[in-house]
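All remarks here apply to the structure that follows.
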Amino acid sequence: MSQTLKLVVSGIDDSVTGIRSLTLSALDGGRLPPFVPGSHLVLDCGGRQNAYSLTSDGVDPFEYRISVLNVNGGTGGSAWVHQCLSVGDTTSALLPRSAFAPVARARKHLLVAGGIGITPIVSHLRAARTWRREVQVLYVHRENSPAHVDDVRELAGAAADIVTARADFRQRLGPLLAGQPLGTHLYTCGPAGLIHDVLAMAAGLGWPASRLHSERFGADVLDPGEPFDVVLGKTGTRLTVPSGTSLLEALERHGIAIPNLCRHGVCGECRIPVTGGVPLHRDLYLTDDEKQAGDALMCCVSRSNSPALEVPL
Amino acid sequence: MPLSTADPLLRGFPFPFAEDRYRYSTNIEPARTPVFTPAGQWGGSVLDIDTEYQAELRERAAILAADPTRGAVLPHMRGAAWDTMLTLMRELAATAPDAIRLTREGDRWTWENRILGLRADFVYGDEATLPSEPLHYIASQVQEDIVLLDQRDGALYGDAGVVTFAADWSFGFDVGMSFLEIHGPVPRIRQERVIVRAHEFLKRLQPHQPYRRTNWTMTIGRRLDVSTERYYEWGPDRETIKHADDETFGRLVHLRVEVQHLIRLPESGAILFLIRTYLLPLEKLATVETWRRRAAAVLAELPADIADYKGIIKYKDRAASWLAARGEGAE
């Protein structure tokens, strides 16, 4: 779960206004774990965890590339990437996570992106070239911020339509969505408003939901959760479970062994009773009724909706 | 226990019972965690090359030659087949680094398997550079059966694989079916939600976090291929074993354990499901006292519906008493 990669910044590209592209390599210069197109990397940005789509080739990679938009006035991870990072700096990341993968059985892949939302599309296009998948791209970006335009042109050629005016984008979108062969899958990434418009128009034109795929930035990253306290009924001891630490880990650190297997909220091994507080269930094991009852939880993933939980341990 | 540690089949045997009672469960755990047993250990790596390596691969080749429907790659699984090949090549090389090597220079990959005397120079994604289709090529070099699951529309589909050692099922029949359809016949699963949870787990499984589980049944004779296709050959043994004398019973009846690995492939995103089959005759199992006692207890207690589904209902009680009797001063 918490396997961490140690990475070094081996390249920085600031050639596009407001967007900084990083090349990251393994500290020892070796291979990095391969990744599925559309995957993101959860990067440690000076103590904050931010998710960025990988734009490089996922087959047997020696480097990862990401592109980070400088969010105006932001004080978070993007500002840290833009202001604090230099070539040679080290940081860490979780293993790439896949949540926006190409569908292998698609007859054609229609890729619609806005702005920095082009990033996962670029890795889709790289894989499409390797496997000779049929693609078509519609990409809208601000005139002064042409992120990955060269990559898209190189990878998609004539199948890419790149516009800078929102009106042009809207004008093209309708005919594009209406004119696809059966079996086409649509992938869209960008600002929430753009995703909403694209999906609404596709649904209106009769696209089945199973053929529509969208990615809001970092939405799938496992939420580290809010901190909460746990009171151990047997001794009255009060422990704090910090954000990013599971209840199971907190109990283990306190010397309490809980039977467990998958640590993913699936196998059911680490179920513990709850005698006080309101559990925040995040597992796949308990039934809805059991979750509603609130008298037990899977401590590997679930947390608390109340400031404290009481467990008879 | 000098006898057991000397026998390689005992040493690496993944004895599956953690308690004196068996029920279906989503018994998944992280892969690559070694398990120490009274006879040795297993599970330190995803792939296991043991003393049966060459013999089992010869058997797989003969089965495939006689019945090509044991392997299939639906057209959209081409990328997943390549991904599987590279993933398993890496695993093999890590398991036997002295004999097996994978190297890459630019676009050219070189594969050397000195145990089998094989070498290939290939370009990833280019079938013309391999002696056979990539999934079949790698299936000829691992003892594990392989099933690939495609994920789409919120479900998983068994759209590719090479399975020559199926335990009472047919890959050719199941290919293209959904995970839930394939597991429809398993008893009790509706109430116990075991398969549904496994399905949810697999859909969320991420690359680089392989998991594993064990499953088990019993087989008469050291017969890896007890597929539906050859039921006419092995099915009657379930009846005739009743008439075997005790010595023959202990020699022929095997505990059959599958170590199954669940892996999200790192480039295609398909699920790689590996099934490795281990067979141990009761006469050898009984030489490990804790195994003998526990297997006897599990078989004696096993409910009829589970025993029936596993195809052992006709002889599981005799197996239980055979094992129990072995403890009563037989040694």
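Quick notes on this one:
- Failed criterion for residue B:69 (all others in (1) more than 17 Å from the chain's Cα centre (by Cα); (2) buried (at least 17 other Cβ atoms within 10 Å of the Cβ); (3) of a type in the set (Val, Ile, Thr) hold): (2)
- Any chance residue A:147 is part of a loop (DSSP other than H, G, I, E, B), assigned by TED's automatic domain parsing to the domain that holds residue A:187 and touching a residue at least 12 places away in the same chain (Cβ under 8 Å): yes
- Residues satisfying the stated conditions in the stretch B:134-156, i.e. crowded, with 24+ Cβ neighbours inside 10 Å and among the hydroxyl-bearing types (Ser, Thr, Tyr): none
- Checking each residue in the stretch A:22-73 for being charged (D, E, K, R) and under 19 Å from residue A:122 (Cα atoms) picks out A:57, A:60, A:63, A:65.
- Residue match in the stretch B:84-103 (condition: of a type in the set (Lys, Arg) and under 19 Å from the mean Cα position of the chain (by Cα)): no
- Summed over the stretch B:140-174, the residues that are more than 14 Å from chain A (Cβ to nearest Cβ) and either in contact (Cβ under 8 Å) with a residue 40 or more places away in the chain or over 28 Å from residue A:183 (Cα atoms) (or both) give a count of 21.
- Test: residue A:120 is within 14 Å of chain B (Cβ to nearest Cβ) and either modelled with pLDDT of 95 or more or surrounded by fewer than 18 Cβ atoms within 10 Å (Cβ to Cβ) (or both): yes
- Residue count for the stretch A:40-65, restricted to those that are out of contact with any helix residue (DSSP H, G or I) (no Cβ under 6 Å at 6 or more places or on another chain) and within 14 Å of chain B (Cβ to nearest Cβ): 11
- Test result for residue A:128, within 13 Å of chain B (Cβ to nearest Cβ) and either assigned to a loop (DSSP other than H, G, I, E, B) or over 19 Å from the mean Cα position of the chain (by Cα) (or both): yes
- Selected residue [in contact (Cβ under 8 Å) with a residue 40 or more places away in the chain and of a type in the set (Ser, Thr, Tyr)] from B:228, B:240, B:248: B:228
- Any hit, the stretch A:67-90, residues being within 13 Å of another protein chain (Cβ to nearest Cβ) and hydrophobic (A, V, I, L, M, F, W, C): no
- Matching residues in the stretch A:150-179 - criterion: being in a loop (DSSP other than H, G, I, E, B) and farther than 23 Å from residue A:68 by Cβ: A:165, A:179
- Residue A:227 vs. criteria more than 14 Å from chain B (Cβ to nearest Cβ), out of contact with any helix residue (DSSP H, G or I) (no Cβ under 9 Å at 6 or more places or on another chain) and not charged (D, E, K, R): yes
- Tally, over the stretch A:1-33, of residues that are assigned to a loop (DSSP other than H, G, I, E, B) and either away from every other protein chain (no Cβ under 12 Å) or in contact (Cβ under 8 Å) with a residue 60 or more places away in the chain (or both): 10
- In the stretch B:126-143 there is at least one residue that is out of contact with any helix residue (DSSP H, G or I) (no Cβ under 8 Å at 6 or more places or on another chain) and in a helix (DSSP H, G or I).
- Residue satisfying all of: in the stretch A:277-304; more than 14 Å from chain B (Cβ to nearest Cβ) and in contact with a Gly (Cβ under 8 Å, 6 or more places away or on another chain); surrounded by the fewest Cβ atoms within 10 Å (Cβ to Cβ) among these: A:278
- Residues in the stretch A:103-129 that are closer than 15 Å to residue A:55 by Cβ and in contact with a Gly (Cβ under 9 Å, 6 or more places away or on another chain): A:113, A:115, A:116, A:117, A:118, A:120, A:121, A:123, A:124, A:126, A:127.
- From A:215, A:154, A:226, A:143, residue being in contact with a Cys (Cβ under 6 Å, 6 or more places away or on another chain) and of a type outside the set (A, V, I, L, M, F, W, C): A:215
- For the stretch B:90-106, the criterion of a residue being touching a strand residue (DSSP E or B) at 6+ places or on another chain (Cβ under 7 Å), acidic (Asp, Glu) and more than 29 Å from residue B:157 (Cβ to Cβ) is satisfied by no position.
- Strands (runs of 3 or more DSSP E) within the stretch A:43-94 that include 1 or more residues without any contact (Cβ under 8 Å) to a residue 60 or more places away in the chain, crowded, with 20+ Cβ neighbours inside 10 Å and touching a strand residue (DSSP E or B) at 6+ places or on another chain (Cβ under 7 Å): A:63-69
The values are calculated or read from the model by the stated rules, or taken from the named source; none is laboratory data. All figures in this text were calculated on a predicted structure; none of them were measured in a lab. Every residue, glycine as well, gets a Cβ built from its backbone with ideal geometry; the counts of neighbours run over all protein chains shown.
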